[in-house]
Amino acid sequence: MNLNATLVAQIVVFFILAWFTMKFVWPPIMKALDERATKIADGLAAAERGKQSLDLAAKRSAETVREGKEKVAEVLAQADKRALQIIEAAKVQAKLEADKIFAGEKAEIEQEAARIKESLRERVAELAVAGAEKILRREVDIKAHAEMLASIKQDL
Amino acid sequence: MATGHEAAAPNAGEYVVHHLTQLNTSGHAQTSIIDFSVINLDTVFFSILMGAIGLFLMMRVVKGVTSGVPGRGQAALEILIEMVANQAKSIVHSEQSRKFVAPLALTVFVWVFLMNSMDFLPVDLLPWIWQHLTGNPHAFLRVVPTADLNGTLGMSVSVLLLCFWYNIKVKGLGGWVHELFTAPFGNHPLLYLPNFLMQMIEFLAKTVSHGMRLFGNMYAGELLFMLIALMGAAYGGSAGLTGPLLWVGQVIAGTGWALFHIFIVVLQAFIFMMLTLVYIGQAHEGH
């Protein structure tokens, strides 16, 4: 328990050791610790960002799907409408065409009927003449005719 | 039990005194209480050796330091450094000062821990080797630098010097002198002297208790190891069952005390570091 110059030596050693630690040991370790803390913070931030963009992407894809469905429904509705329109138009067209054909046929039939009527009329006239000729041929009374002719002659 | 055999061997008192005598430059035990012409070679040697080992171990980690996944050594040092850095942050509130004070606290902890750890070596091992190396059977050697008052007071005086330095740095020389005479009792001409005396007592008490606390613990620990070793040493000279029982006593007591001493070694190193921080932290605060 004696005091001597060892005390002074110990003071010198103390400061040399402390200086060395301050200069060469502490800063690199602290730097590594700080860097790792930064890295971890960055990683966490990146993860957070990733999660956010994932949420965003999910939302966007849901939106897209919804839009697609809407569009499909719209297209289907339009197609239905268009089909109805086409059918309507086709009906109208068909009716028009049918009417046209019907009108043509009718005219033709009427014409034919008229032609047949005409020819019938001619036949009737011929028949009438032939009938009349036969009748006439049997009914001719030369005497009477001669009297008639004589009267005609008289009138002349 | 005085036999011829015992005459050659030292008795218990001589054994202990021999072990507690420093290897110094005077070549014999120091006679006066204070003599600054003498240096304890053993304390200086083992202090520097332990400091060098501590720095070497830490430098080995620093060489391969990475901010990525740390190895085990780096993880261990990081735990230690984080602990010291947190303590420093909570006690010393000046970032500028912490650049030196925190590494200082780490140095103190590691160094004191290693010096205290010299106690774990068998008390007679290094002195025995030393005596055979020198060929002098009476060569002195003490291997625990913190069981030498010079070692611990040297460190606590260093802390005192740092307190002076930070007092002047933070408050200015004038501010510090003003504080010395006006605190803690108040600013009144009649109180100047009591204030100053109180401050001096405070500094003295801090420094002496700081150094003495560590010294006392380690000195007592060393002494107890010697007494335990003496139990086994008495084996040959005791009759009947006493000898074997003493031997068993040494094993049990030695084991127990060594285990408990692991705790003391770490605790005292931690306390010394904490007090270093506290005293330097106080130097930053005005009364």
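Annotations
- Sorted from longest to shortest, the spans of the Cα atoms of the protein assembly as shown along the three principal axes equal 221, 74, 34 Å.
- Overall, the accessible surface of chain B at a probe of 1.4 angstrom is composed of carbon and sulfur to the extent of 73 percent.
- Local net charge near B:N24, Cβ-Cβ under 14 Å (Lys/Arg +1, Asp/Glu -1): -2
- Amide H partners (placed H, <5 Å) of A:L3, local residues excluded: B:I34, B:D35
- Cross-link partners of A:K117 among aspartates and glutamates (Cα-Cα below 20 Å; sequence separation of 8 or more within a chain): A:E105, A:E108, A:E126
- Among B:G68, B:G186, B:G216, residue whose mean-square fluctuation peaks in a GNM of chain B (springs only between Cα atoms under 10 Å): B:G68
- Here the range A:5-48 and the range A:103-155 have alpha carbon centers that stand 146 Å from each other.
- Cα gyration tensor, the range B:35-172 - rounded (a/c under 1.5), prolate or oblate: oblate
- A straight line joining the Cα centroids of the range B:217-263 and the range B:35-102 runs 34 Å.
- Dipole of the range A:3-120, positive direction: furthest Cα of A:V8, A:Q85, A:A18, with charges on the beta-carbon: A:V8
- Listed by chain and number, the aspartates and glutamates whose alpha-carbon sits under 15 Å from that of B:K63, ignoring those within fewer than 8 places in the same chain, are B:E78.
- Compared with the dominant Cα axis of chain A, that is its longest principal axis, helix A:26-139 is turned about 0°.
- Degrees, to the nearest 10: B:41-63 long Cα axis against longest axis of chain B: 60 degrees
- Checking the cross-link pairs A:K31/B:K99; B:K89/B:K171; B:K89/B:K206 against a 24 Å limit on the alpha carbon distance flags no pair as lying beyond it.
- Dipole in debye (nearest 20) - chain B, about Cα centre, beta carbon charges: Lys, Arg +1; Asp, Glu -1: 780 debye
- Candidates B:V38, B:V157, B:V108: whichever shows maximal mean-square fluctuation once chain B is modelled as a Gaussian network with Cα springs under 10 Å: B:V38
- On Cα atoms only, tilt of B:242-284 relative to the major axis of chain B in degrees: 10 degrees
- Two-site FRET efficiency, B:V208 against B:M59, from Cβ-Cβ distance with R₀ of 41 Å, rounded to 0.05: 0.75
- Selected from B:M50, A:Q52, B:P184, residue furthest toward positive end of dipole (the protein assembly as shown; charges at beta carbon): A:Q52
- Under 22 Å from the Cα of A:K71 - lysines, other chains or at least 8 residues apart: A:K59, A:K81
- Just checking the listed ones, B:M274, B:M198, B:M155: in the Gaussian network model of chain B with Cα springs under 10 Å, the one fluctuating most is B:M198.
- The range A:1-144: C-alpha gyration tensor shape, a/c 1.5 cut-off, then a/b vs b/c: prolate
- Total charge dipole magnitude, the protein assembly as shown, about the Cα centre, Cβ charges on Lys, Arg, Asp, Glu only, Debye to nearest 20: 560 debye
The values are calculated or read from the model by the stated rules, or taken from the named source; none is laboratory data. The structure displayed is predicted, hence computed values, not measured ones. No Cβ is skipped: glycine too gets one built from the backbone with ideal geometry, and neighbour counts run over all protein chains shown. Ligands, DNA and RNA are stripped out before the accessible areas are found, and what is left, the full protein with its side chains, is counted by its heavy atoms. Shrake-Rupley method; radii C 1.70, N 1.55, O 1.52, S 1.80 Å.
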